[in-house]
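Below: the structure, in structure tokens.
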Amino acid sequence: MSDPTFRQVRLGEALKRLRERAGLSQRDAAYRLRYNYQKLSRIENGQLPEYHGMRAMLDLYGVLVSEEAPFIDMWERASEKGWWRPYGLDDQGYISLEHDAVGVCEFSLGYVPGLLQVETYMRAVFRGWHIQHSRKWTENQIAIRTRRQQRLIDDGPLQYHGIIAEAALQQADREQLLHINHRATLSNVTVQVLPGAAGLHDGQNGAFAVLDFAYPGEMSVLYVEHPAGSTHVEDVDRVKATKLVFKHLSKLALTPDESAEWIGRLAAER
């Protein structure tokens, strides 16, 4: 059996909170649902319940019909296959997190963020990796990244705030720079440039992204990539500390209007 997806884990946690709010132990709830204790434990740890079982739990836990919609939506999301599956990706990585997020705050130290990249820039990035991949792999990655960018312009778009270090933009060509400014005109997109003149700061420790979700009992996830892979952190205190770092970097950076002017001047020099 495969590990539960991020969506399934979130659903299990939400059901656990509802049970605890209702003052029921796992054993009491399992008895009333005619489940064995182990089954309810597995559901709360991410095993997807059947639809009618889900409705029975909501009823037992005192959720009114008028309050059910967010939980039914979570169940439907946990049941569906992500658009990324045909591309050979599983549900455990960043893309599934980004797909479910309502907001992303991203600090980029060395590259233009993926959501703002044009195809020529993507190809240049992949060519620069020390491990060379096949043409098929590269085309697949470009298709994935391009598909991700739809979140910025779809209905109910992703709220995106990117802070990009000056050094990353110095490596971008005119097309890429103008594209960033074009995307920054969207009401759901904020772009700031962190100039080198800002000096040493917390961002020197590395790039990161914080994703916010609209699940019941709102939560956020910190995502960090590193040479050996990536990791995501859900610990509330650590995520909160990272959000404060992002807020500090935002104050050090140029304002969105100043950033657009700065990027425009750099593009004019290309």
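Bear in mind these aren't lab numbers, they're just calculated from the coordinates by the rules spelled out. These numbers were taken from a predicted model, which means no experiment stands behind them. All Cβ positions, even for glycine, are placed from backbone atoms using ideal geometry, and neighbour counts span all protein chains on display.
Overview of values
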{"quantity": "Two-site FRET efficiency, Lys39 against Met219, from Cβ-Cβ distance with R₀ of 30 Å, rounded to 0.05", "calculated": "0.75"}
{"quantity": "Pair Phe126, Lys243: separation of 7 Å Cα→Cβ label points (nm)", "calculated": "3.6 nm"}
{"quantity": "Two-site FRET efficiency, Asp3 against Glu175, from Cβ-Cβ distance with R₀ of 35 Å, rounded to 0.05", "calculated": "0.30"}
{"quantity": "Ranked list, fewest to most other Cβ atoms within 10 Å of each Cβ, for Glu44, Glu139", "calculated": "Glu139, Glu44"}
{"quantity": "Per-residue Cβ neighbour rank within 10 angstrom, fewest leading, Thr185, Thr255", "calculated": "Thr185, Thr255"}
{"quantity": "Quarter of the Cα convex hull surface for the chain, i.e. its orientation-mean projected area (nm²)", "calculated": "16.5 nm²"}
{"quantity": "Percentage relative contact order, the chain, counting C-alpha pairs under 8 Å, at least six apart", "calculated": "19 percent"}
{"quantity": "Proxy reagent accessibility, fewest Cβ within 10 Å first, across Lys240, Lys136", "calculated": "Lys136, Lys240"}
{"quantity": "Too-long pairs where the Cα-Cα distance tops 31 Å, listed order kept, from Lys16/Lys240; Lys81/Lys136; Lys39/Lys240; Lys16/Lys251; Lys39/Lys81", "calculated": "Lys39/Lys240; Lys16/Lys251"}
{"quantity": "Crossing angle, helix 256-269 versus the chain [Cα axis fit, 0-90 degrees, rounded to tens]", "calculated": "40 degrees"}
{"quantity": "Inter-label distance for Gln159 and Thr185, nm, one decimal - labels placed 7 Å from Cα along Cα-to-Cβ", "calculated": "2.4 nm"}
{"quantity": "Calculated FRET value between Glu76 and Leu200, using beta carbons and R₀ = 35 Å, to 0.05", "calculated": "0.15"}
{"quantity": "Helical contribution to [θ] at 222 nm, DSSP H n ≥ 4, -39,500 (n - 2.57), averaged over the chain, rounded to 500", "calculated": "-14500 deg cm²/dmol"}
